[in-house]
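Read through the structure below, which is laid out as structure tokens, and then see the notes.
The values are calculated or read from the model by the stated rules, or taken from the named source; none is laboratory data. Keep in mind the model is a prediction, meaning the values are calculated, not measured. Here Cβ is always computed from backbone atoms with ideal geometry, including for glycine, and neighbour counts include all displayed protein chains.
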Amino acid sequence: MAKTLRVVEERPLIKTPQELVHIKHKISLRQYKYWLLMLRAYREAYELGSIPNEQGYYLLPIATFEHWLGYELVRGELKADLESIRREPIIYNVLGKDGKKILRGAGFISEWELTANWVGFKLPGFLMESIQQLDLKNSIFQKINWEVFNSFTGKYEAILYKLCRDYVGSRRTPTLSIQEYREYMGLKDQEYAAFKDLNKFVISAPIKRINNSAAADITIEAVFKREARKAVSVQFLVSPKQQTMLDLGDDPAFRFARVTIALAQQKEYLAQKEPELIELCIQRANEYGEEEEKKGKQVNFGALYRKAIEEDWGTEYQAKQKREAEKLLAQNKQQTTVVSESQTKRLDELKADFQRMATLAAIKALTFEDRQKHAEAYIAEVGQGRAQSYNPEKADFADTVERAKFNNALRQRLAPVYDQTAFDAWLKLQKR
């Protein structure tokens, strides 16, 4: 049995191949989580330009698995799980250059090795290629919130969550025949053969656990099609829930990015420009990208963000915002009637910008001693477990996740009370 280490902290979003979200597989939930973490490790290695060892393995510390899963791994179980992941096939369709479908197959991983401290793994070639395409907006990857996914302890709710999370935009999954659903959930022929048992244990119960989960970011409803009172197919209606978890590790300056930007890349951008200007560059790049997509062009948003930041598109975009603010002020002076919905929205956006800038100014004004006091208060509030990477000489946290959480707490503590007079004065300055 695994030994519990501690409660798992909130984790960043992890991307998983979309075509692999919908595979039919029979590996366990624990094995699937191992595999997701290996995908993440390869993606990080690819972003950093890291190469495998001399034997061609990418290495992932066992301590990293335990950190993300929240419990100590049993080596015998880990060995058996790695072999199961290697044996279990992935078969899926891709399009060839002639537009015709090609059937490809491989294991979840192609090879593995295990030492006392490390797991070495090799991925199939087509899977490595898929992971390398993340910078394209229409890449085959979707985001999965690890905090949500890791909260599931049952295989069926985890698989159902993966399926429905991918269709949150369209609010409904494709219709699956009952047999297709059985195959998708990895059931054997005699498992839950009676529909009442299938519905109770593999449909209704997983839906209830997902909907009742405090961590889950969606709710699900099953809709059955019946013929002669017999259920022949099922479709799932998906609704998003308000999600309070943060995409930890990312700087707020990148909150409008349409694709994942590696943390190393974020640091490079932040070394070049202020966070507020980077955010404006990304917003302007999004507008440009949308215009290009309307023309039927494929947009590489990752490359577009680099171009926008290097060429300082944010300054022009900021000037545009100032012109809009000036126009809005003039309209407000002339108009005493109810402000239109769009104007109200714009005013709210300007107020949010004002509050964000005021908060950042308050943070920048902190003395070193003040920052130390805030860090110590944060540690006392969340528990000593967060202090493992705290460096009192820098009044900061070495661990990226802990640093992101502390910075978020700092912004919440130092956010000033909204001041209408100060906001009006700030707006007047924008038009100068």
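Just a few scattered comments:
- Consider segment 37-84 and keep the residues that are of a type in the set (Asp, Glu) and within 20 Å of THR400 (Cα to Cα). The one that is nearest to the chain's Cα centre (by Cα) is GLU44.
- Some residue of segment 279-286 being surrounded by 15 or more Cβ atoms within 10 Å (Cβ to Cβ) and of a type in the set (D, E, K, R): yes
- The criterion of at least 1 residues that are at pLDDT 75 or above and under 19 Å from THR115 (Cα atoms) is met by the following helices (runs of 4 or more DSSP H) wholly inside segment 9-99: 29-48, 62-69, 75-87.
- Top-ranked residue in segment 389-432 [being within 25 Å of the chain's Cα centre (by Cα) and among the hydrophobic types (A, V, I, L, M, F, W, C); ranked as farthest from LYS327 (Cα to Cα)]: ALA398
- For first residues located in segment 143-162 and farther than 17 Å from GLU183 by Cβ and at pLDDT 65 or above, partners that are of a type in the set (Asp, Glu) and part of a loop (DSSP other than H, G, I, E, B) and lie 6+ apart or on another chain with Cβ distances below 9 Å form the pairs VAL148/ASP217.
- Of all residues in segment 356-370 being modelled with pLDDT of 85 or more and not hydroxyl-bearing (Ser, Thr, Tyr), the one that is surrounded by the most Cβ atoms within 10 Å (Cβ to Cβ): ASP370
- Verdict on ILE363 being assigned by TED's automatic domain parsing to the domain that holds LYS267, touching a residue at least 12 places away in the same chain (Cβ under 8 Å) and part of a helix (DSSP H, G or I): yes
- When PHE397, PHE423 are checked against the criterion of being surrounded by 12 or more Cβ atoms within 10 Å (Cβ to Cβ), without any contact (Cβ under 8 Å) to a residue 60 or more places away in the chain and not β-branched (Val, Ile, Thr), a single residue qualifies: PHE397.
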